[in-house]
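Enquirer: Can you keep this structure in mind? I'll have questions shortly.
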Amino acid sequence: MSLWYVIVPLCVWILGQWLKVIIDVSKGQKFSLSSIWTSGGFPSTHGILTSSVLTMLALYEGMDTSLFMVAAIFSLLIRYDAMNLRYESGKHAQYINSLRSEIWYILRADDEEIDRDIMQNDLRITRLSLKERIGHTPLEVFAWIVFGIGVTVLVDYCLRSLAPLFTL
């Protein structure tokens with residue numbers, strides 16, 4: 001088995017995770033290395049990984065092989081899941097989080113004597129909020145397909161060019 005089928009997609013995945021950090025910072029969020037390990041948001045690193053694996057199979061095995069076809073089916077399933085189920089779940093999480101906040105603000109307005117308890121509960125609500133960044137729009141899915149293919153070809157070329165330097 002060639003390690004290129006593992007090494008190149010893992011390199012592409014790592015680049016995608018770092019791109020997520022760069023995008024978050026460019027949107028005004030605080031720099032955080034924990035963004036590297038989060039799921040959801042753009043780019044979709046599991047989507048990039050599937051695109052990278054498919055690209056590697058297409059380049060070196062061909063698109064007419066049964067292995068490529070099986071990988072393509074699983075890749076389509078992941079894309080469908082990202083655009084539909086996970087996207088809708090994220091919208092549900094937004095609604096539930098806003099509903100929870102509204103309920104706490106209503107309770108807070110009704111009884112001003114329990115301010116300290118409410119403030120502690122406000123902190124708990126923030127910590128217990130449902131994750132909203134879990135799905136992707138069709139445009140985001142298209143972007144991570146293009147990114148996965150393009151970066152896979154580039155990383156594969158660069159690593160294969162450097163490979164003779166590291167052989168004994």
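The values are calculated or read from the model by the stated rules, or taken from the named source; none is laboratory data. If you're wondering where the values come from, they're calculated on a predicted model, not measured in any experiment. Using ideal geometry, Cβ is built from the backbone for each residue, glycine included, and neighbour counts are taken over all protein chains shown. Remember, those area values only see protein heavy atoms, side chains included, never the ligands or the DNA or RNA. Shrake-Rupley method; radii C 1.70, N 1.55, O 1.52, S 1.80 Å.
Enquirer: Restrict the check to segment 61-72 and report whether at least one residue is under 19 Å from Phe147 (Cβ atoms) and open to solvent by 60 Å² or more (accessible area, probe 1.4 Å).
Expert: no
Enquirer: Might you check whether a residue that is among the acidic types (Asp, Glu), modelled with pLDDT under 80 and over 15 Å from Trp144 (Cβ atoms) occurs anywhere in segment 19-36?
Expert: Yes, some residue in segment 19-36 is among the acidic types (Asp, Glu), modelled with pLDDT under 80 and over 15 Å from Trp144 (Cβ atoms).
Enquirer: Kindly evaluate Leu33 against the criterion of being touching a Leu at 6+ places or on another chain (Cβ under 7 Å), farther than 16 Å from Thr137 by Cα, of a type in the set (A, V, I, L, M, F, W, C) and open to solvent by 80 Å² or more (accessible area, probe 1.4 Å).
Expert: no
Enquirer: Please enumerate the residues belonging to segment 1-30 that are over 17 Å from the mean Cα position of the chain (by Cα) and surrounded by 11 or more Cβ atoms within 10 Å (Cβ to Cβ).
Expert: Trp4, Tyr5, Val6, Ile7, Val8
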